[in-house]
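Asker: Take this structure, written in structure tokens, and hold onto it; I'll ask about it next.
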Amino acid sequence: MNAFDLGKFENEAQEQWTHAFESNPSNLEKCYLTVAYPYPSGAMHVGHGRTYIVPDVIARFWRMQGRQVLYPMAFHVTGAPVIGISKRIAKKDPKTIHLYRDLYKVPQNVLDEFTDPLTIVRHFASEYKRVMTACGISIDWRRRFTTVDPTYSKFIEWQWKHLYEAGHVIKGAHPVRYCTVDDNPVGDHDLLEGDKAEVIKFTLVMFHLDDLFIPTATLRPETIYGVTNLWVNPNITYVRALVDGSAWIISREAAEKLALQDHTVEIQEEIAGRDLVDKTVSHPLCGEVPVLPADFVDPDMASGLVMSVPAHAPFDYIALRDLQHAGKYSQIKPVPLIKVEGYGEIPAQDAVEKAGITHQMDCRMEALTQEIYSAEFSRGKLFDRYGGKPVRVARDDVAARMIEQYASKIMYEFDTRPVVCRCGNKVKVKILHDQWFLKYSDPAWKKQVSDHLGDMVLVPPEVRLEFDRTVDWLKDWACTRRVGLGTRFPWDTTQLIEPLSDSTIYMAYYTIAHKIREIDCKLLSPEVFDYIFLGKESAELPEKKKLDAMRKEFLYWYPYNYRFSAKDLISNHLTFQLFHHVSIFPKDKLPQGMVVFGMGLLNGAKMSSSKGNVFLLEDAVSDFGADTVRMFLMGSAEPWQDFDWRNELVISTKKQIERFFNTVLESKDADGEPHDIDRWLMSRLQSHIERTTEALTNFQTRQALQEAYFGIETDLKWYRRRLAENSDGSRELHTFCSVWIRLLAPFIPFTGEHLWKELAGEGLVSFAPWPVANKKLINTRIELAEELISRTVEDIESIRKLIQMTPKSITISIAPAWKHEIFLLIAKSNDRNTVIKEIMKDDKMRKRGKEATDAAKQCTTLIHRLPPQVVEPLSREPINEKTVFEAAKIFLEKEFGVPVHITDAESSEHAKATTALPFKPAIIFE
Ligand SMILES: [Zn+2]
């Protein structure tokens, strides 16, 4: 008995696939796709599943189209996270132990060895391979490597030699994200929270309080002329600290931060915030102002004190207004200093009142602040008494003057917070000296990348904007770390190359990864890689034959056709890899395309391993079957859209596969004679082939499944309904099933292989030829006839529901020829509004009078409702509706269980017959 058993299909296929997807250079057209390699520090969840299954579906599709496809995989183990994990496991940190033992299900004896970081990545790398294989991902595993393999390090050293020689590696002092617990700069991958936060340069405006400085941080130093007061948080404790020898009042957090930014900081004593309230401070550019209390002042934001410019900052305006409503500080008036078109004299007041905002907590405050900020920056001008310059210019002028004359300093801070390290510590901004950077700020390098981006295919196209923006904004990147795993930095071997900087051109390494192992690592000089990747000859190259074989692989596979990755990597990895490619490889070896993914949700919430909101891929496969997981992930959203995993929906996907399976088994051996309905089924199938192919060519996995599964299933249902009694269908069904299995094989390859064998298909379905639409089988007449019948059946059903009676007989009354004439004229017309006038110029029609104008209006409405693929062929040649219905008479009588009469509307005496329209006969119940 051939029961539906996904587990069985999986075992059968795995046996046949062991080496099936190993791919070598050949005479075929090559297609090379890659995905960002995983950092194997935990178990895979269904979100990871989609990342690797989308490219797999595309790889399988290309393979069936007769291309030589390379889909390799490796493991990125560079960096510090796994070291932190091993330390926490050694310390028996309960949260970490819970995550690894209970969520990731690591056996205790393995977990005990996780005190060694390399054991963790080795364990999960083999887990990844096992689970990816279980999901049917068609990878050439011979090319697998890890980024701490000695040969890979040789490759990275070669890469960096080129970057260095091109002047892209520089040393300097820069502000970077820093974790004081790890004593290390923090990369994107090392963050628990705040990966979007940027380091911003603030000016500290130094107010005097007696012999003390009170620094307030601002992005708008030019607004100093409009300061009416400072804000202090009365509920926190500030400190008096000696900063570079002078006494400042700042928050404790600010003292710690300043110490990381090239200042000597010595805390002397604590000062309660409330003791500062109502003090008078002064600045040469604004005179004396009072210090006012405000709960919203955040000690963890810059200096922990804020200057208030109520005329131009909505927050300041509302905070002051609130105090004044309580009857305090009524003498303070906003002091405007900038004129900006579109706003009144006091822009903040104007904007707040227009928006009807009544309190500080209104969620629109942030946007409003931003709006005024941009308006003033782009079109604002300072009042003449403050110099009259545009804000854009005045801002830098005032900042420079403050630094020169009024003791101002620079302070770096994040624009959004919190920014939290994987270790749980708050990340700060530190100025690193002797830090090595990749000079992504270099305009010439940026231009090379921009130029190449213009030649690339980006999917979906709207991500281009984000790439352009990233290239534009990218600043120098701290590229070394002191702690972690990875390749030693060649010019300072106490440092390591950080993870986002050793993962940029490894797609080229895949092409040789399985062969380079055959060469003694000591022989892998830069000249060897120069030969393999750049074709540079040099004397005394070792193992020339092996090198030639690798050069052949590289030349065959490279450049890669598409790189797949999640959209959050646009701002770093996906753009970095372009910088590195343009610097090292010749033009014909530069990346050709990228496909950018949306994110994964679990029951509506963002998936996150650290928060425990994940569903493990392995559990999904064992609960639902690999094909179910694949089909669900591919069908629930297009790759670039976010998808939402919900178990109840996954269950219905499994039922769909089972229906497909049973239908194929029931249909494949049918041996009846083909009739018109078979020609209809095969004709429809050709369009499904075309549309599935088109969708997959555009990476639209969801659209492809709509066609290849739902579109075909709907047709088949109609086909079965239309079969004569006692008929199981014709022998055409065998061909039909063969096509159907192949169209679905990229999505559900396990079921596909099983059914392919059932059908006695040649070889593996994974390599079977992709169906090609046969235009000769497309029969528009038959498709139109079936469309007419199915629409009429629907009409009859809805009338029956509406009038709630079972008729004694049904009469289908067909529209007269003159209505067909009108229909044709309207369908063909470019301007459907004036066509009625044209029609009525005809004598015959004019004689019909209102009858004709009514028919024309009804035809217009009908044509608007019908899909274009029906109207278009109908406007070329009408069909003989009477013949169509006569041929379907037996079917219709079977469907409705009563006699069915076909009549001409014109000869009918029934009043309803006059409503008959082309493609919409009148239906009369008796
Ligand atoms: Zn940390």
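Asker: Classify segment 583-671 from the C-alpha gyration tensor, please: rounded if a/c falls under 1.5, else prolate or oblate depending on whether a/b exceeds b/c.
Answerer: It comes out oblate by the Cα gyration axes.
Asker: Tell me which residues come under 5 Å, amide H to amide H, from His312 once H is placed; ignore anything under 5 positions away on its chain.
Answerer: Answer set, sorted by chain and number: Ala348.
Asker: Still on this structure: Determine the shape class of the chain: with a ≥ b ≥ c the square roots of the Cα gyration tensor eigenvalues, call it rounded for a/c under 1.5, and otherwise prolate if a/b is greater than b/c, oblate otherwise.
Answerer: oblate
Asker: Between Ser374 and Asn235, what is the label-point separation in nm under the 7 Å Cα-to-beta-carbon projection?
Answerer: 3.3
Asker: Also: Calculate the length of the line joining the C-alpha centroid of segment 174-209 to that of segment 356-379, in whole Å.
Answerer: 25
Asker: Note the angle between two axes, namely the Cα long axis of helix 464-473 and the longest principal axis of the Cα atoms of the chain, as a number of degrees from 0 to 90, rounded to the nearest 10.
Answerer: 10
Asker: Please give the helix 46-64 orientation as an angle from the longest Cα principal axis of the chain, in degrees from 0 to 90, rounded to the nearest 10.
Answerer: Here the helix axis deviates by roughly 50 degrees.
Asker: In sequence order, what are the phi-derived ³J(HN,Hα) couplings for segment 27-32 according to the Karplus relation 6.51 cos²θ - 1.76 cosθ + 1.60 with θ = phi - 60°, rounded to whole Hz, with x for glycine and proline?
Answerer: 7, 6, 5, 8, 9, 10
Asker: Of all the accessible heavy-atom surface of segment 330-461, with the other protein chains kept in place and a 1.4 Å probe, what percent is carbon and sulfur?
Answerer: The value for segment 330-461 is 53 percent carbon and sulfur by accessible area.
Asker: If you don't mind, another one. Roughly speaking, what is the centre-to-centre gap between segment 408-451 and segment 539-594 when only Cα atoms are used, to the nearest Å?
Answerer: Answer, in whole Å: 27.
Asker: Continuing with this model, one more query. Quick one: helix 647-667 against the long Cα principal axis of the chain, what's the angle to the nearest 10°, folded into 0 to 90?
Answerer: Helix 647-667 sits at roughly 30 degrees to that axis.
Asker: Still on this model: What are the ³J(HN,Hα) couplings of segment 385-401, residue after residue, when phi is run through the Karplus curve with 6.51, -1.76, 1.60 and θ = phi - 60°? Round to Hz, x for glycine and proline.
Answerer: 5, 10, x, x, 7, x, 4, 3, 7, 4, 4, 5, 4, 5, 4, 5, 5
Asker: Amide H neighbours of Ala566 under 5 Å, at least 5 residues apart or on other chains, H built in the peptide plane: list them.
Answerer: Answer set, sorted by chain and number: Phe597.
Asker: Could you compute how much accessible surface Phe383 exposes when probed at 1.4 Å, giving the result in Å² to the nearest 10?
Answerer: It works out to around 40 Å².
Asker: For Phe213, what residues show an amide H to amide H distance below 5 Å, using hydrogens built from the backbone and excluding near sequence neighbours?
Answerer: Placed amide hydrogens put Ala247, Trp248, Ile249 under 5 Å from Phe213.
Asker: While we're here: Could you work out the local net charge near Leu99, counting Lys and Arg as +1, Asp and Glu as -1, over the other residues with Cβ closer than 11 Å to its Cβ?
Answerer: My count for the surroundings of Leu99 gives +3.
Asker: If you don't mind, there's one more thing I want to ask. Testing the spin-label approximation: label points 7 Å from Cα along Cα→Cβ at Leu219 and Arg101. State their distance in nm.
Answerer: Reported label-point gap for Leu219 and Arg101 is 4.7 nm.
Asker: State, as an integer percentage, the relative contact order of segment 49-147 based on alpha-carbon contacts under 8 Å between residues 6 or more apart.
Answerer: About 47 percent, as a whole number.
Asker: Past 26 Å, Cα to Cα, is the threshold; run Lys30/Lys668; Lys889/Lys920; Lys161/Lys196 against it and keep the listed order.
Answerer: Lys30/Lys668; Lys161/Lys196
Asker: Let me ask something else about it. On a full-extension model of 0.36 nm per residue, what is the gain between Asp854 and Ile410, subtracting their alpha-carbon distance, rounded to one decimal in nm?
Answerer: 152.0 nm
Asker: Want the number for His433 to Asn11: 0.36 nm per residue separation, take away the alpha-carbon distance, what's left?
Answerer: The span from His433 to Asn11 would gain 146.2 nm if fully extended.
Asker: OK, next. Within segment 767-811, find all residues whose amide N lies under 13 Å from a label point positioned 7 Å from the Cα of His901 along Cα-to-beta-carbon.
Answerer: Within reach of a label on His901, which here means backbone N under 13 Å from a point 7 Å along Cα→Cβ, segment 767-811 contributes 808-811.
Asker: Which value in nm describes the separation of the simple spin-label points at Ser126 and Ala326, placed 7 Å from the Cα toward the beta carbon?
Answerer: Result for the modelled spin labels: 6.5 nm.
Asker: With just the Cα atoms defining each centre, how far is segment 250-272 from segment 784-863? Give it in Å.
Answerer: 84
Asker: Something else: Given Cα pairs under 8 Å that are at least 6 residues apart, what percent is the relative contact order of the chain?
Answerer: Taking the mean separation of contacting Cα pairs over the length of the chain, I get 14 percent.
Asker: Right, something else. Could you compute Rg(Cα) / (2.2 N^0.38 Å) for segment 70-162, with N its residue count?
Answerer: Rounded to two decimals, the normalised Rg is 1.26.
Asker: Here's another thing I want to ask about it. Which shape class applies to segment 1-106: rounded if a/c is under 1.5, otherwise prolate when a/b exceeds b/c and oblate if not, where a ≥ b ≥ c are the square roots of the Cα gyration tensor eigenvalues?
Answerer: Note, shape of segment 1-106 comes out oblate.
Asker: Also, quick follow-up: Quick check on segment 688-817: what are the equivalent-ellipsoid semi-axes from the Cα gyration tensor, as sqrt(5λ), descending, whole Å?
Answerer: They are 35, 17, 15 Å, listed from largest to smallest.
Asker: Let me know the charge dipole size of the chain about its Cα centre in debye, to the nearest 20, where only the beta-carbon of Lys, Arg (+1) and Asp, Glu (-1) is charged.
Answerer: Roughly 960 debye, rounded to the nearest 20.
Asker: Moving on. Calculate, for Gln108 and Ala549, the FRET efficiency according to 1/(1 + (r/R0)^6) with r their C-beta to C-beta distance and R0 35 Å; round to the nearest 0.05.
Answerer: 0.20
Asker: Another question, if that's okay. Quick one: Karplus J couplings for segment 96-113, per residue in order, coefficients 6.51, -1.76, 1.60, θ = phi - 60°, nearest Hz, x for Gly and Pro?
Answerer: Ordered by residue, 3J(HN,Hα) equals 5, 4, 4, 4, 7, 7, 8, 7, 7, 6, 7, x, 4, 5, 6, 4, 4, 8 Hz.
Asker: Moving to a separate point now. Scan the chain and hand back the longest stretch that contains none of the trypsin sites (Lys or Arg not before Pro) lying in DSSP loops with at most 11 other Cβ atoms within 10 Å.
Answerer: Longest stretch, sites excluded: 93-610.
The values are calculated or read from the model by the stated rules, or taken from the named source; none is laboratory data. Because the structure is predicted, anything quoted here is derived from the model rather than measured. Reconstructed Cβ throughout: ideal geometry from the backbone, glycine too, with neighbour counts over all protein chains shown. Side chains are part of the model used for accessible areas, which takes the heavy atoms of the whole protein and leaves out ligands, DNA and RNA. Shrake-Rupley method; radii C 1.70, N 1.55, O 1.52, S 1.80 Å.
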